[in-house]
Amino acid sequence: MKIAFVGKGGSGKTTLSSLFIRHLAANEAPVVAMDADINQHLGSALGLDEAQSAALPAMGTQLSLIKDYLRGTNPRIASAETMIKTTPPGQGSRMLRITEDNPVYDACARTVRLDDGDIRLMVTGPFSESDLGVSCYHSKVGAVELCLNHLVDGADEYVVVDMTAGSDSFASGMFTRFDMTFLVAEPTCKGVSVYRQYKEYARDFGIGLKVVGNKVQGQDDVDFLQDEVGEDLLVTFGHSDWVRAMEKGRPPRFELLEAGNRMALQTLQNVAEDSYALRDPERYMRQMVHFHLRNAESWGNAKTGADLAAQVDPAFVLGRHAPVPQPS
């Protein structure tokens with residue numbers, strides 16, 4: 001399953017995505033975690049110290065390797081240089097799978113050891129001073145989108161992405177790449193404003209969207225969220241001494257997380273599992289192609305000097321067509 005956590009800055013989406021990742025690991029689910037947020041805090045939320053977080057390889061600096069590997073022998077892609085963040089897979093493309101070893105994981109992923117299991121962590125890399133005025137952070141996040149476009153996952157496997165804050169996810173088609181999107185909202189007017197934006201933008205794309213109330217202190221907060229988001233409110237998280245300790249760099253063992261919050265995490269997993277059964281591979285590919293053609297026309301063709309519409313393989317559906325095996 002492909003799961004996204006979104007929300008305004010400061011809503012706690014990185015904290016909740018890290019808790020969900022820990023919960024999945026405790027339930028022995030294979031997990032690839034991706035930090036696509038400009039602030040790059042997922043590593044520390046998963047227990048890495050400052051030096052370990054700084055040492056994580058940046059996906060944004062490995063775009064050439066990622067493109068070259070994923071291209072494989074796809075005859076519709078003339079070169080890795082003509083691949084853009086929305087390039088869809090086709091016959092001959094190489095796919096990524098959750099539990100395999102491959103050159104992309106070797107270059108971009110690192111194993112993080114949690115209390116109850118190991119997960120793979122990938123990060124886009126921070127927005128650096130050298131990026132100012134010459135490039136856009138969305139180009140870094142494009143490495144995540146390209147990987148998601150070529151990722152084949154099973155019902156008991158998870159990709160969990162901590163997304164950019166606010167509605168920046170709509171700068172590309174990446175918001176359509178997920179089986180379920182959990183929007184983390186505080187019980188405030190600002191807290192639910194991003195929900196309204198997401199709901200409006202996602203309306204025409206069949207996006208699975210549920211609201212996770214965070215920093216809830218009582219029934220009045222629950223009632224407020226219920227009034228504002230209605231049936232999209234899935235579950236709420238209250239005060240957590242465990243999270244406070246984690247934010248100080250001294251988390252107890254995960255099994256000591258408050259029972260109510262553990263139950264809330266299980267609700268997230270249950271809904272995620274239900275969403276996988278509703279997956280529509282044909283719609284997934286249609287949306288992938290839709291955004292690729294939009295990007296090709298608006299900037300991709302001019303940048304690469306190629307007709308990127310020719311990259312679309314009309315007979316290929318991700319997850320239903322096995323790619324031709326490729327040598328590593």
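The values are calculated or read from the model by the stated rules, or taken from the named source; none is laboratory data. Just so you know, these numbers come straight off a predicted model, no measurement behind them. Ideal geometry is used to build each Cβ from the backbone, glycine not excepted, and the neighbour counts take in all protein chains shown. Each accessible area value is taken on the protein alone, full model and side chains, heavy atoms only, with ligands, DNA and RNA left out. Shrake-Rupley method; radii C 1.70, N 1.55, O 1.52, S 1.80 Å.
Results, tabulated for the structure shown:
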read-out	value
Close pairs from region 22-38: first at positive phi, partner of a type outside the set (Ser, Thr, Tyr), Cβ under 7 Å, at least 6 apart	Glu28/Gly117
Which numbered condition Leu121 fails, given (1) within 19 Å of the chain's Cα centre (by Cα); (2) part of a loop (DSSP other than H, G, I, E, B)	(2)
Flag if Leu48 is buried (at least 17 other Cβ atoms within 10 Å of the Cβ), under 15 Å from the mean Cα position of the chain (by Cα), over 30 Å from Asp313 (Cα atoms) and not aromatic (Phe, Trp, Tyr)	no
Condition check for Lys8: under 20 Å from Leu114 (Cα atoms) and at pLDDT below 95	no
Subset tally (residues that are under 25 Å from Glu258 (Cβ atoms), β-branched (Val, Ile, Thr) and part of a strand (DSSP E or B)) for region 20-54	1
From Arg76, Arg94, residue being open to solvent by 50 Å² or more (accessible area, probe 1.4 Å), part of a loop (DSSP other than H, G, I, E, B), in contact with a helix residue (DSSP H, G or I) (Cβ under 9 Å, 6 or more places away or on another chain) and in contact (Cβ under 8 Å) with a residue 60 or more places away in the chain	Arg76
Filter result for Thr82 (of a type in the set (S, T, N, Q), more than 30 Å from Trp242 (Cα to Cα) and either under 22 Å from the mean Cα position of the chain (by Cα) or open to solvent by 60 Å² or more (accessible area, probe 1.4 Å) (or both))	no
Helices (runs of 4 or more DSSP H) (entirely within region 165-267) containing at least 2 residues that are under 30 Å from Ala26 (Cβ atoms), open to solvent by less than 40 Å² (accessible area, probe 1.4 Å) and modelled with pLDDT of 90 or more	219-229, 241-247
When residues of region 281-292 are limited to those that are touching a Gly at 6+ places or on another chain (Cβ under 9 Å) and open to solvent by 60 Å² or more (accessible area, probe 1.4 Å), the one farthest from Met1 (Cα to Cα)	His290
Filter result (of a type outside the set (A, V, I, L, M) and touching a residue at least 24 places away in the same chain (Cβ under 8 Å)) within region 248-267	Gly249, Pro251, Arg253, Phe254, Glu255, Asn261, Arg262, Gln266, Thr267
Residue in region 108-117 that is modelled with pLDDT of 95 or more, open to solvent by less than 10 Å² (accessible area, probe 1.4 Å) and not in a strand (DSSP E or B) present	yes
